[in-house]
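Have a look at the structure below, then the notes.
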């Protein structure tokens, strides 16, 4: 049997903020709703905790478990889509958020991967993450998001 290929998506952005402020935006549901098109994560925010991402109407979009929680440097999640059967069938992906101070900015690196070639889920998040992270960067730097829910479809 040949080894399974991996599908992965990596996004790097530099945000003019502090690691603590960026960490807060990544883990605070109120801020998350502003840049994540009304969605937010419910969890205890600690290693080993289960988490779930909710749509604005309360439906569960994604679920998983927090594998690493190193404030304000790194969060790693097991992540599974719950609302599209063909994506849920792919099982769990791995999502890592790395924060590294660089001068007056923080370099945020998002890596989302799965042990599967041509993953439909990785294809889906490859379209979603740039919108979410552009909003996050804009919110932290200017106090305003640049994309609204109407500019973003949930597939």
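The values are calculated or read from the model by the stated rules, or taken from the named source; none is laboratory data. Since the structure is predicted, the reported quantities are computational estimates derived from the model, not experimental observations. Note that each Cβ is placed from the backbone with ideal geometry, even for glycine, and that neighbours are counted across all protein chains shown.
Looking at residue 77, is it surrounded by 16 or more Cβ atoms within 10 Å (Cβ to Cβ), touching a helix residue (DSSP H, G or I) at 6+ places or on another chain (Cβ under 8 Å) and in a strand (DSSP E or B)?
For residue 77, the condition - surrounded by 16 or more Cβ atoms within 10 Å (Cβ to Cβ), touching a helix residue (DSSP H, G or I) at 6+ places or on another chain (Cβ under 8 Å) and in a strand (DSSP E or B) - is not met.
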- Task: Please indicate, with yes or no, whether at least one residue in segment 20-32 is in contact with a strand residue (DSSP E or B) (Cβ under 8 Å, 6 or more places away or on another chain), surrounded by 17 or more Cβ atoms within 10 Å (Cβ to Cβ) and over 22 Å from residue 145 (Cα atoms).
- Result: no
- Task: Mind listing whichever residues of segment 96-144 are touching a residue at least 40 places away in the same chain (Cβ under 8 Å), surrounded by fewer than 16 Cβ atoms within 10 Å (Cβ to Cβ) and touching a helix residue (DSSP H, G or I) at 6+ places or on another chain (Cβ under 7 Å)?
- Result: 101
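Check segment 45-59 and report whether any residue there is under 19 Å from residue 9 (Cα atoms) and surrounded by 18 or more Cβ atoms within 10 Å (Cβ to Cβ).
No.
For residues that are part of a helix (DSSP H, G or I) and more than 15 Å from residue 25 (Cα to Cα), scanning just segment 130-155, find the one that is modelled with the lowest pLDDT.
Ranking the candidates gives 151 first.
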- Does residue 89 qualify as being under 20 Å from residue 7 (Cα atoms), without any contact (Cβ under 8 Å) to a residue 24 or more places away in the chain and either more than 16 Å from the chain's Cα centre (by Cα) or surrounded by fewer than 14 Cβ atoms within 10 Å (Cβ to Cβ) (or both)? yes
- Item | So residue 69, is it surrounded by fewer than 17 Cβ atoms within 10 Å (Cβ to Cβ) and either assigned to a loop (DSSP other than H, G, I, E, B) or at pLDDT 95 or above (or both) | no
- Message: Looking at residue 82 and the list (1) over 13 Å from the mean Cα position of the chain (by Cα); (2) surrounded by fewer than 16 Cβ atoms within 10 Å (Cβ to Cβ); (3) over 18 Å from residue 52 (Cβ atoms), which single condition is not satisfied?
- Response: (3)
- How about segment 9-48: which of its residues are over 30 Å from residue 118 (Cβ atoms), in contact (Cβ under 8 Å) with a residue 60 or more places away in the chain and part of a helix (DSSP H, G or I)? 19, 21, 22, 23, 25, 31, 34
- Could you list all residues from segment 80-103 that are part of a strand (DSSP E or B) and touching a strand residue (DSSP E or B) at 6+ places or on another chain (Cβ under 7 Å)? 80, 81, 93, 94, 95, 96, 97, 98, 99, 100, 102
